[in-house]
Amino acid sequence: MMSEQRLHPAAIIFQFIRSLKDIALGLLPVLLFTLRGETLRYAVAGIVILLLLLLLLAVWRWMRFSYTITGDELHIKQGIFIRKERRISKNRIQSIDLTQSLIHRLFGLTKVQIETAGSDENVDASLAAVVFSEGERVQNELKADYRMNMEEKEDTSKEYPSETTGYGKLALAGATSDNAILIFGLMWLLYSQANQIIPEGTYEQATAWVLSLALQMIVVIVLSSIVIVWGVGVLWTMVKYAKFTITRYERELYMTYGLIEKRQRTIPVHRIQAVIVKENLLRQLFGLCYVYVEVAGGVSNGKMEGSTVHLLPLLTRQRVPAFLETYLPEYSREEPQLKRPPLRSLPYYVWKGLFLVLIAVVVVFYVAPSWIMVPVAALPIFIGWGWLCWRTAGIKADDTFLNLSFRTIGRETITVKQRRLQAFEKRENWLYRRQHLATIDVAILNNTAGRHFTVSALEEIDVTMASAQFSSVPHIHELQKRNKENAPGDIE
Amino acid sequence: MRQSPANHIEKTAISAWRWTAVLFLIIPLILVIGSVVTYIFFSWPWWLIAITALLFVIDLVLSVIVVPMLRWRRWRYEVFEQEIYIQHGILIRSRTIIPMLRVQHVDTKQGPILKRFSLATVTVSTAATTHEIPALSDEEASDLRDRISELARVDEDDV
């Protein structure tokens with residue numbers, strides 16, 4: 001038993017910042033029109049009053065927020081005008097994570113995020129700021145029942161698999177991230193266009209020598225700033241994922257990482273919906289990838305790190321089966337032997353990319369014919385992209401797993417348990433039907449609206465075999481027409 | 001998924017859809033009126049009227065006459081012990097299997113037009129997706145709803 005507890009006063013700051021962020025967008029246009037001339041004075045006064053009001057509200061809210069741990073439940077009271085009381089019983093709690101932002105760390109505080117079963121945001125709770133020791137106390141107090149997982153953690157007699165990613169690997173991860181690709185692309189574009197940017201005529205004039213020099217300077221500056229941005233990206237990855245440690249306990253995966261912001265993530269294994277191996281083009285070249293999982297439920301107050309959770313920032317593709325074997329034996333699998341779409345489906349993949357470019361070509365042709373080369377130059381890129389997507393697509397189903405692979409930007413290879421699928425859809429248009437092709441679309445649950453995985457224009461037989469694995473009614477997957485009169489399982 | 005589901009939806013659905021389409025004809029109709037008005041008062045070119053009229057006729061033929069027929073023919077459903085099987089889509093035929101285990105709730109709903117034809121739509125929701133079986137007769141819809149919710153009432157899986 002303990003008395004009602006308040007949050008640390010720093011919670012006022014978080015509340016203040018949050019409400020400021022909420023109204024900032026709506027207020028901006030008003031400010032733009034009033035922050036000038038004679039209305040300036042009123043505008044400033046208005047802003048000051050508003051800020052004071054927000055601060056007052058934040059303080060008030062802080063005063064009205066209290067929590068108690070009694071016996072076997074956490075009891076939270078909150079709300080200024082509408083009082084809300086929430087009781088969360090210990091055995092409903094799935095995980096308790098301590099997260100520290102920069103501000104938290106300055107004051108020696110922590111945020112406590114409590115996730116329950118169920119995917120309802122309103123059932124979860126979070127304490128915005130408490131002293132770190134208090135956070136640990138709450139965690140300890142509530143943990144008792146939550147599947148005895150802490151005991152397991154403290155049980156030193158058993159070795160749990162655990163590993164920490166080194167800074168070298170993190171640097172590599174940052175250097176080959178999606179942003180890095182974007183930056184490399186920009187660099188290449190600038191480099192290849194450098195000559196076109198400098199108008200040809202200027203070369204002919206002796207006086208333009210200086211001008212071209214200046215232009216070259218600009219190019220150099222731009223290029224070097226891009227390199228700097230890239231370097232910052234690398235550093236940022238290293239800071240964000242510093243000391244990335246993954247540990248597998250009996251029923252959970254547990255991750256900690258971050259140099260400035262320290263994060264903990266506890267993922268109950270039974271809530272994992274899909275395991276996805278993702279490689280962008282650059283990483284694919286070097287045989288690198290990362291592994292992430294889609295997790296159902298547990299909304300941490302709209303935080304961006306929602307349902308997709310990295311298991312490792314970077315690993316070699318070859319290591320994936322071994323990694324899963326160690327940390328996620330539930331999803332342990334060999335490198336799946338995916339069935340690729342046939343050659344006759346290539347046109348559909350190419351067409352998808354081509355369609356947009358063709359529209360662009362037509363539009364540009366009518367609007368600005370002198371720029372026609374830009375979309376025309378994009379044609380081979382998009383054709384190549386379609387070809388890549390076709391090369392990437394694949395499907396494989398056995399009695400437990402469904403493996404799909406596809407490309408949006410990076411190549412994603414997903415492994416999902418058949419029984420986790422929310423819906424299984426097969427789509428064909430009449431061209432597909434004539435050519436025995438089909439599109440598969442499966443849905444899984446995550447903590448937002450769910451996620452669909454779609455792979456187009458596969459061999460129809462492969463999709464049907466997958467659906468037959470998934471379904472409990474064999475006859476609908478068979479070829480021959482069935483007898484209407486005594487179809488089994490029918491309802492009137 | 002090679003066999004179509006066994007059951008058709010109610011045939012009166014075609015009429016219901018036709019009436020809905022007739023109501024939506026108001027949009028091309030407004031365009032026609034607009035083009036006539038602009039022709040008379042602002043002397044915009046006459047061929048605008050021709051184009052909008054053509055659009056009106058095309059819309060009439062497609063959405064009122066052709067599409068409801070095709071749509072009815074394609075819409076099929078079948079409810080098994082452990083899954084729901086739905087087929088729909090005119091240009092792109094899609095067949096969906098929803099495991100009973102994943103069904104979260106089943107609703108029936110009825111708009112004013114469906115009500116006139118005493119039809120109702122059954123909506124099946126999973127945690128991630130929503131599926132419809134449109135235009136069943138009233139009793140059939142509520143029977144189906146009850147049956148599905150009966151079948152879906154298995155022990156809650158962990159997630």
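The table below lists the values:
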{"read-out": "Some residue of the stretch A:481-490 being part of a helix (DSSP H, G or I), facing another protein chain (nearest Cβ under 10 Å) and at pLDDT below 90", "value": "no"}
{"read-out": "Subset of the stretch A:463-480 that is more than 7 Å from chain B (Cβ to nearest Cβ) and at pLDDT 85 or above - its residue that is nearest to A:THR400 (Cα to Cα)", "value": "A:GLN469"}
{"read-out": "Some residue of the stretch B:39-57 being within 21 Å of B:PRO134 (Cβ to Cβ) and away from chain A (no Cβ under 14 Å)", "value": "no"}
{"read-out": "Selected residue (only one of A:TYR349, A:TYR366, A:TYR432 is surrounded by fewer than 22 Cβ atoms within 10 Å (Cβ to Cβ) and more than 14 Å from chain B (Cβ to nearest Cβ))", "value": "A:TYR366"}
{"read-out": "Candidate set: the stretch A:240-281, residues that are within 14 Å of another protein chain (Cβ to nearest Cβ) and surrounded by fewer than 18 Cβ atoms within 10 Å (Cβ to Cβ); chosen: the one farthest from the chain's Cα centre (by Cα)", "value": "A:ARG251"}
{"read-out": "Hey, B:GLU150 modelled with pLDDT under 90 and more than 7 Å from chain A (Cβ to nearest Cβ) or not", "value": "yes"}
{"read-out": "Lone unmet requirement of (1) under 21 Å from A:GLU428 (Cα atoms); (2) out of contact with any helix residue (DSSP H, G or I) (no Cβ under 6 Å at 6 or more places or on another chain); (3) in contact (Cβ under 8 Å) with a residue 60 or more places away in the chain for B:SER15", "value": "(1)"}
{"read-out": "Filter result for the condition that a residue is crowded, with 16+ Cβ neighbours inside 10 Å, in contact with a strand residue (DSSP E or B) (Cβ under 8 Å, 6 or more places away or on another chain) and of a type outside the set (Phe, Trp, Tyr), over A:SER89, A:SER95", "value": "A:SER95"}
{"read-out": "Strands (runs of 3 or more DSSP E) wholly inside the stretch A:208-290 containing at least 2 residues that are of a type in the set (D, E, K, R) and modelled with pLDDT of 90 or more", "value": "A:272-279"}
{"read-out": "Qualifying positions in the stretch B:116-132 - within 12 Å of another protein chain (Cβ to nearest Cβ) and either aromatic (Phe, Trp, Tyr) or under 12 Å from the mean Cα position of the chain (by Cα) (or both)", "value": "B:HIS131"}
{"read-out": "Cross-chain or 6+ apart pairs with Cβ under 6 Å, the stretch A:357-383 first and of a type outside the set (Val, Ile, Thr), then modelled with pLDDT under 85 and not in a helix (DSSP H, G or I)", "value": "A:PHE365/A:ILE372"}
{"read-out": "Close pairs from the stretch A:43-56: first over 14 Å from A:ILE23 (Cα atoms), partner assigned to a helix (DSSP H, G or I), Cβ under 6 Å, at least 6 apart", "value": "A:ALA43/A:THR34"}
{"read-out": "Strands (runs of 3 or more DSSP E) (entirely within the stretch B:70-155) containing at least 2 residues that are touching a residue at least 24 places away in the same chain (Cβ under 8 Å) and of a type in the set (Gly, Ala, Ser)", "value": "B:130-137"}
{"read-out": "Selection within the stretch A:435-451 - part of a strand (DSSP E or B) and more than 7 Å from chain B (Cβ to nearest Cβ)", "value": "A:LEU437, A:ALA438, A:THR439, A:ILE440, A:ASP441, A:VAL442, A:ARG451"}
{"read-out": "So B:ILE97, is it under 26 Å from A:LEU437 (Cα atoms), modelled with pLDDT of 90 or more and surrounded by fewer than 20 Cβ atoms within 10 Å (Cβ to Cβ)", "value": "no"}
{"read-out": "Restricting the stretch A:410-429 to residues that are of a type in the set (A, V, I, L, M, F, W, C) and more than 9 Å from chain B (Cβ to nearest Cβ), the residue that is nearest to the chain's Cα centre (by Cα)", "value": "A:ILE414"}
{"read-out": "Hits in the stretch B:64-115 (condition: more than 10 Å from chain A (Cβ to nearest Cβ) and either in contact with a Cys (Cβ under 8 Å, 6 or more places away or on another chain) or of a type in the set (Gly, Ala, Ser) (or both))", "value": "B:GLY111"}
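Condition check ((1) modelled with pLDDT under 90; (2) under 28 Å from A:ILE114 (Cα atoms); (3) in contact with a strand residue (DSSP E or B) (Cβ under 6 Å, 6 or more places away or on another chain); (4) part of a strand (DSSP E or B)) across all residues:
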site	(1), (2), (3), (4)
A:ASN301	yes, yes, yes, no
A:LEU311	yes, yes, yes, yes
A:GLU334	yes, no, no, no
A:LEU346	no, no, no, no
A:GLY353	yes, no, no, no
A:LEU358	yes, no, no, no
A:VAL361	yes, no, no, no
A:VAL364	yes, no, no, no
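The values are calculated or read from the model by the stated rules, or taken from the named source; none is laboratory data. Just so it is clear, the model here is predicted, and its values are computed rather than measured. With ideal geometry, Cβ positions are generated from the backbone for all residues, glycine too; neighbour counts draw on all protein chains shown.
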